[in-house]
Structure formats: structure tokens, C-alpha cells
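Colleague: Before we start, here is the structure in question, set down as C-alpha cells.
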Amino acid sequence: MKAKLLQSTVLWTFLSVATLLVGCSDDEDYRDVDGQSPTLELTSDHIRTLTGYEFKIAGKIVDKDGIRSINLQCAELYLDKTIELLTLYSESLYEYNLNYGFTIPEKTKGDSFTIKVTVTDLGGRTATSDVLITMDGDYTEPVLTPSIGLLSDNINIVLSEGTSKTFRFTAQDNKELDYLELAVPDLEILERLDIEEGEKKGTLNTTVVFPSDKTGTYTLVIRAVDTFGNVAEKNYSVLVSRVKDYENMYLVDFEGTDSKLLTGNDVWGVPMPIERVTNFTYKARCYSPAPNTPIRFITSKYSFSICFGDDKNNPGKLTGISEDVQPIILPEKSYYEINFNTEEGTYTVEAYSPGTPIIDGLKMGFVGGWFDGAKGWDGPKNVYELTQDPDNPHCLTAELTWSKQDSFDVTITPYDANGAWLEPGWRFDGKNESFATNTNDSSKKVPAGKYTFIFDTHLVQSKLLKK
């Protein structure tokens, strides 16, 4: 009997030891390091949101013994999410950045909820934090209203005119503004205005001094941030240059500086608009009807106040200094291409042949109106004929009369007895005073009088000159 009892005792002892060894084998790699509960540091313990919007529960978890899982729970929101790190990762994690997104369902009732966040480590120890969710969030960006210095997306700082410029903008928020900023990051310029608590509207008015030794193109940003972190931004391109970069440039091919020469003799076409290629760089194509045609370039259709031409003190170079400007001379009767850079003060002139006129062998005319004798819109079988210039076969001319003020609204087209619309053809755009835009929605009012119309089919440029 004793033997049996002894045998039983030995057997149970063996089984207990075996069981203990097997239990340890499941976590044979686990050893307590500090035996402390996890550390849970949430980014915020109060999140303000609205139904239908996702919010993030974020924070950092640290545990020297290793993190097993994170559970997020809120019965009212039907939330019960467990993140099993041992399942997601092949090795134990000792630090983890929590960033869990959740969207409040649209039909959720209630103004506030509490989400319980529980972290469990490999030793079974836990740490818990509560996150208050309230339904008073804001997802609306502030509204920016730019004003002084910010009305154009392209800003030119001309160092020769000064290195400082004033900027002003206003922002308004539906709830509360936090701060306004104006920045030029590449120039390390930052102006900031903190808004007083509770204010919905603010204005940043600042004068920025640009470095005089750093020309180039930079990005300027205006920014408004509300107390919920909603951000409204607008970017501008800032060109810092020694001279001004002009968006528009025009060619004049006559002597004199009286502004009446620009406005008194034509309805449109004088001066002639030319192409802006890039910053400070322009290209003009023109026809010189006789040897030694003088040309200059101006920035306004109505004034010679800013004028570029050959530098009388340094011939062959471009200048905009009024007392030093003399005309660039086109020596021959020909077509010319002129390229120039106002910042570098350089220009080139090259004569070229435009080739065979594209209207050779065609009878061209106006379809439309409404000058005296206009044929109306009866199609190209009934046109008001244009005359090919005998000195320049690329040009068409016509003498036109308006007995009373009326519109000029035409298409230039080849004549066709069958009424077919042939090529080439050009539609007049009265808004831009051009045949080159292919626009078909505007005409141009012309005062009563007699006029000469000139159209260059190579340049696609026209003039209506008073007689």
C-alpha cells in the first residue's frame, strides 16, 4: 500500500514539473525586464469632431517587457477594437506609435463619448487612458482675402526701385482663428501674427525687406490657421530682379514720343503687341516696308513713359534709360525677328524670308459686317473683297467707311462661288483686337469715319488706321 502511495506521489510530482516546463515553453523567450506597467502617452485626451468625419486616436506606447495588445472600447459607438501586436509582428515591440482612425456614424446620437484605451504587455500588466470625444468639431478652413501686394499671383520685386514691399491679407474663420503667416521659405522670411483668443477675423499687414543680393524666383505663401488646425494657404510666385519684368510689350515703328501717336491715328494695331517668351525675354516679328525703319519697344499701349531701344552710349546694347534710348534701325525692306532681354540689356536683329504667301492664287474678302457695303453673313460666295498689297504679297488691305458708329465683326476667308468655307481663314476677336485667338464671341465698336484696314497674313497682325 505504501509502495502504491509512493509511486502515486512520485508520478504526480513528475507530472507537475512537466506541466510547469511545458507552460514556460510557450513564452520561453519572455523574461521580465522591469515588471512595470506599460507607459501610454496620448497626443490628446479630448478630440472634437463631427459625425461622418474620421478622427485619429494617436499616442506613443512604451514597455520594456514588450507590448502584447491595444484595445479601444466604447459601447455607445459600437467600438471594440483590439490590435494584437504579437499577431501583426514577428518580433516583440517595445515601442509603438498608435494612430487609429475612426469615423462617427452619421446617425449617431449624443454629444460626447468616452473611448477607453487599454494597453497590455507580455507580462499581462495593463495601462488605461480615457479619450473624451465631443461633437463640436470644425473641419472648415479659414477664408483668405488678399489685398495690398497680393492681388496678382505673380509678384515682381524690382531692386532698383527698393528692396521692401508691403503685403496685407485678411482671414476669417467660422469659429476661431489661431494665427496668420506670410513666408518666403527659400529666403528665410517669416512674418506671423497670433490672433487673440475668441477672434474669428484677423489681418496681417507687414513690410518685407528682400535681400538685395539674391535675385531669382521664389514662392511666397500666405497662411491662416484656426484653433482646430484647419489651414488655408495661397501661393504666389515672387520674381526678385534688378529691373521690372513686364507682362506686356509693344513695338512702335516710327519716331517721336508724343502719346497721341499711339492713340490718335488708329482704332487698333498701333502699337503692335509682341510675344513675352519668359521673364525679361521678348520676341518681336515685324515687317519693315522700307529701308532704315526705326523701331522701339514700350510697355503700355498708351504711353512712351517706359521705352526700350538701342543704347546711344553703347550701340548694340538695349537700354531703358529714357535719355539714352535711340531707335533700333531695320536696314532693309524685309521681315525681321528681334529678340531682346530687358534685364541683361541685350538684343539681336535678324532678317528672314516668310516663304510663299499662303494666300497666293486666292481671292480673299470679309464675310460679316457692319461697315458701309458689308456683305453680311451670307457665306463666302458673297464677300467684301480685300486687295493683296503689290509691295508685300503677304498683306491684304481695304478701304472701309462707317457712316455711323457700328461694329467690326468679320471673318477673312477665300471667296468661293459655291459658298464653301475654304482655308486659310481668320475670325476677328474684338475683345483682344486680334485675328490670332480663334475666338468667335466678340466684335469691336468703330466710330463713324473713313479707315484703312491692313492685315498681314504671315504675322496674323491687323491695323485699322484713321484716314
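Colleague: Arrange the following residues from fewest to most other Cβ atoms within 10 Å of their Cβ: 204, 159.
Modeller: Ordered by Cβ neighbours within 10 Å, fewest first: 159, 204.
Colleague: Summing -39500 (n - 2.57) over the DSSP H runs of n ≥ 4 in the chain and dividing by its residue number, what mean residue ellipticity at 222 nm do you reach, to the nearest 500 deg cm²/dmol?
Modeller: -2000 deg cm²/dmol
Colleague: Let me ask you something else. Note the full-extension length gain between residue 403 and residue 324 as 0.36 nm times their separation in residues minus their Cα-Cα distance, in nm to one decimal.
Modeller: This chain segment gains 23.9 nm when fully extended.
Colleague: Can you list which of the GluC sites (Glu not before Pro) found in segment 246-300 are DSSP loop residues with at most 10 other C-beta atoms within 10 Å?
Modeller: Within segment 246-300, the qualifying GluC sites (Glu not before Pro) (loop, at most 10 other Cβ atoms within 10 Å) are 247, 255.
Colleague: Over the Cα atoms of segment 364-466, what Rg and Dmax result, in angstrom?
Modeller: My reading of the Cα-based Rg and Dmax gives 12.7, 35 Å.
Colleague: So how do 282, 336, 94, 139 line up by other beta-carbon neighbours within 10 Å, fewest first?
Modeller: The most exposed by this proxy come first: 139, 94, 336, 282.
Colleague: Right, next: Going by alpha carbons, how many degrees (0 to 90, nearest 10) lie between the helix axis of 2-25 and the longest principal axis of the chain?
Modeller: 10 degrees
Colleague: How many nm separate the modelled label positions at residue 128 and residue 235, each set 7 Å beyond the Cα in the direction of the Cβ?
Modeller: Here the modelled spin labels are 4.9 nm apart.
Colleague: Show me, for segment 116-127, the HN-Hα J-couplings you get by feeding each phi into the Karplus relation (A = 6.51, B = -1.76, C = 1.60, θ = phi - 60°), rounded to Hz, glycine and proline as x.
Modeller: Working through the residues one at a time gives 8, 10, 10, 10, 10, 9, 5, x, x, 7, 10, 9 Hz.
Colleague: Could you list log10 I(q)/I(0) for segment 250-352 at q = 0.10, 0.12 Å⁻¹, which the Debye formula gives when each Cα is one point scatterer?
Modeller: Result of the Debye calculation: -0.24, -0.35.
Colleague: Can you tell me the length gained on complete extension of the stretch residue 467 to residue 389, counting 0.36 nm per residue apart and subtracting the Cα distance?
Modeller: Full extension from residue 467 to residue 389 adds 26.3 nm.
Colleague: With +1 on each Lys and Arg Cβ and -1 on each Asp and Glu Cβ, how big is the dipole of segment 83-130 about its Cα centre, in debye rounded to the nearest 20?
Modeller: 220 debye
Colleague: For segment 58-102, which trypsin sites (Lys or Arg not before Pro) pass both filters: DSSP loop (anything but H, G, I, E, B) and at most 15 other C-beta atoms within 10 Å?
Modeller: Here no trypsin sites (Lys or Arg not before Pro) fit, given the DSSP loop and packing criteria.
Colleague: Going by C-beta contacts inside 10 Å, put 458, 46, 394 in order with the fewest on the left.
Modeller: Least crowded to most crowded, the residues run 46, 458, 394.
Colleague: Additional query: Using +1 at the Cβ of each Lys and Arg and -1 at the Cβ of each Asp and Glu in segment 364-466, identify which of 438, 411, 464 lies farthest towards the dipole's positive end.
Modeller: Most positive-ward Cα: 464.
Colleague: Are any of the pairs 283/333; 165/234; 244/431 more than 22 Å apart by Cα-Cα distance, and if so, which?
Modeller: 244/431
Colleague: Between the alpha-carbon centers of segment 28-98 and segment 368-384, tell me the distance in whole angstrom.
Modeller: So the two Cα centres are separated by 81 Å.
Colleague: Hey, rough spin-label estimate for residue 90 and residue 214, points 7 angstrom out along Cα→Cβ, what's it come to in nanometres?
Modeller: So the label points at residue 90 and residue 214 sit 4.8 nm apart.
Colleague: Further question: Just the Cα atoms of segment 143-241, one point each, no solvent: what log10 I(q)/I(0) does Debye give at q = 0.21 Å⁻¹?
Modeller: -1.00
Colleague: Let me ask another. Can you list the GluC sites (Glu not before Pro) in segment 311-370 that are in a DSSP coil and have 13 or fewer other beta carbons within 10 angstrom?
Modeller: For GluC sites (Glu not before Pro) across segment 311-370 that sit outside H, G, I, E and B with at most 13 neighbouring Cβ atoms in 10 Å, the list reads 332, 344.
Colleague: Ok, one more. For segment 250-352, what is the charge dipole size about the Cα centre, in debye to the nearest 20, if Lys and Arg each add +1 at the Cβ and Asp and Glu each add -1 at the Cβ?
Modeller: Taking the Cα centre of segment 250-352 as origin, the dipole is about 220 debye.
Colleague: How large is ³J(HN,Hα), in whole Hz, for each residue of segment 97-108 in order, when computed from phi with the Karplus curve 6.51 cos²θ - 1.76 cosθ + 1.60 and θ = phi - 60°, using x for Gly and Pro?
Modeller: Karplus-based 3J(HN,Hα) across segment 97-108 equals 9, 7, 8, 9, x, 8, 10, 5, x, 4, 9, 5 Hz.
Colleague: With charges only on Cβ, +1 for K and R and -1 for D and E, what is the dipole size of segment 366-445 about its Cα centre, in debye, rounded to 20?
Modeller: So the magnitude is around 260 debye.
Colleague: A further question on this structure: Simple spin-label model, 7 Å along Cα-to-Cβ: residue 275 to residue 58 in nm?
Modeller: The answer from the label model is 4.9 nm.
Colleague: Shifting gears a bit: Per residue, how much space in cubic angstrom lies within the convex hull of the C-alpha atoms of segment 39-134?
Modeller: 86 Å³
Bear in mind that the values in this text are calculations on the coordinates, not laboratory data. Predicted model only: the values in this text are computed from it and were never measured. As a convention, Cβ positions derive from the backbone with ideal geometry for all residues, glycine included, and neighbour counts pool all protein chains shown.
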